[in-house]
Amino acid sequence: MLQEKGYYGQFGGAYIPEMLYPNIASLQQQYISIIEHADFQKEFEYLLKQYVGRPSPLYKAERLSEHFQTQIYLKREDLNHTGSHKINNTIGQILLAKQLGKAKIIAETGAGQHGVATATVCALMGMECIVYMGEVDIARQSPNVARMKLLGAKVVPATSGSRTLKDATNEAMRHWINHPDDTHYIIGSVVGPHPYPDMVARFQSVISAEIKTQLQSQVGREFPDYVLACVGGGSNAAGAFYHFLEDERVQLIGAEAAGLGVESGKSAATLALGTVGILHGSKTVLMQTTDGQVVEPHSISAGLDYPGIGPMHAHLADINRATFYPITDEEAMQAGWQLSRLEGIIPAIETAHALAILPKISFKKEDIVVINLSGRGDKDLDTYIRYFELI
Ligand SMILES: *Cc1c(COP(=O)(O)O)cnc(C)c1O
């Protein structure tokens, strides 16, 4: 899938300011040999198992399957330490930062899940941690802000633009440009300049590696008919798709956040609305005006509220290897409600977008459908309470 210089078809590459050349070049040259080293793999696997709690279960959702008349399996990334798939990547990157001899870590965060996962691994390794977060997200995800502070991270508000994830990413990039020597930037998704998209996808690929083994032992074959995942930048989807990318028997399906509707002007449905351009160091598809200004996105879920998409997904859409459905706030909230009632699992609102694909596809009774349950809904309780007037 990945070609020379970090391109997926026409997407990817590294479009960065000159000040970052040395950092990015050293990452590009070293990342594969560092992460493929046996000692690195040993420590990574140990921490994923004993600290994160992997393998995450693959659970046959009987009542949900009955409802949709097909065979639905939930890959339970919500049960990971810190509540989402993000920790897989931060564990990998903190070990890499140690190998690179960096003492300080910066990160951006939207919903706060990546910020929490980064603050967690920094506490684990005794490293200094600064997390950039949009002011709007700080207000709507306050439990995660408290968590980061408790874990010892400094949370810096991003006050420009829409004051959400895109702006936090800009601030983090700016910080890195000013502190290139002692600092590693832990990007939280398959976005950014090469090698980030590939590196993050590799760390998250443990998800589909486990799905293969778990399906083999539960249903006697190691591939599903469908894999469904929500897409913000695309890291949980990349991890769930990874080992099936070349297997045409598996249909790869993504959900992007349509907000109030694709045509409403309040949306984050990048592939439905976007055009080719450069965002955060990578050539990809993004929501922009005809003169190249980034359009402010909207989604009820902070984790999907991003105007771009990783280059791998832009390419998968381009070559029709994966299909992406725009899902509205309303459809996602109803799907989150439904999973809570049918399975006793309250999903993150990001994840609820993936669940909302289910009524849009006519599955066969015997189809095996794996949904990547990227995160748990605890952080979204306030949004659920307000939306459904629960108290
Ligand atoms: C961050 C997040 C997402 C979106 O990010 P991806 O990189 O697209 O995976 C989805 N689900 C949860 C629970 C998240 O925390």
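For this structure, a couple of remarks:
- The stretch 281-299: number of residues that are of a type in the set (Val, Ile, Thr) and either over 20 Å from residue 234 (Cβ atoms) or in contact with a Phe, Trp or Tyr (Cβ under 6 Å, 6 or more places away or on another chain) (or both): 3
- All conditions in (1) of a type outside the set (Ser, Thr, Tyr); (2) more than 24 Å from residue 115 (Cα to Cα); (3) within 21 Å of the chain's Cα centre (by Cα); (4) surrounded by fewer than 21 Cβ atoms within 10 Å (Cβ to Cβ) hold for residue 381, with the sole exception of (2).
- Check on residue 3, at pLDDT below 95, among the polar types (S, T, N, Q) and surrounded by fewer than 16 Cβ atoms within 10 Å (Cβ to Cβ): yes
This table checks each residue for (1) loosely packed, with under 15 Cβ neighbours inside 10 Å; (2) farther than 20 Å from residue 197 by Cα; (3) of a type in the set (Lys, Arg); (4) out of contact with any Phe, Trp or Tyr (no Cβ under 9 Å at 6 or more places or on another chain).
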site	(1), (2), (3), (4)
13	no, no, no, no
27	no, no, no, no
35	no, no, no, no
50	yes, yes, no, yes
65	no, yes, no, no
83	no, yes, no, yes
88	no, no, no, no
96	no, no, no, no
102	no, yes, yes, yes
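- Single residue of the stretch 179-199 satisfying the filter (acidic (Asp, Glu) and touching a strand residue (DSSP E or B) at 6+ places or on another chain (Cβ under 9 Å)) that is nearest to the ligand (Cβ to nearest atom): 198
- Segments classed as strands (runs of 3 or more DSSP E), wholly inside the stretch 74-166, with at least 1 members that are within 16 Å of the ligand (Cβ to nearest atom): 104-109, 128-134
- Cβ-Cβ under 9 Å pairs, at least 6 apart or on other chains, the stretch 216-229 side on the phi < 0 side of the Ramachandran plot and assigned by TED's automatic domain parsing to the domain that holds residue 251, far side among the basic types (Lys, Arg) and assigned to a helix (DSSP H, G or I): 222/212; 223/212
- Close pairs from the stretch 22-34: first under 12 Å from residue 102 (Cβ atoms), partner at pLDDT 95 or above and among the β-branched types (Val, Ile, Thr), Cβ under 9 Å, at least 6 apart: 23/16; 23/183
- Boolean, residue 272 is touching a residue at least 12 places away in the same chain (Cβ under 8 Å), more than 19 Å from residue 173 (Cα to Cα) and within 18 Å of the chain's Cα centre (by Cα): no
- If the condition is being in a loop (DSSP other than H, G, I, E, B) and away from the ligand (no atom under 16 Å from the Cβ), then the stretch 200-224 contributes 220, 221, 222, 223, 224.
The values are calculated or read from the model by the stated rules, or taken from the named source; none is laboratory data. Small disclaimer: the values here were computed from a predicted structure and weren't measured. For neighbour counting, all protein chains shown are included, and Cβ atoms are generated from backbone atoms with ideal geometry for every residue, glycine included.
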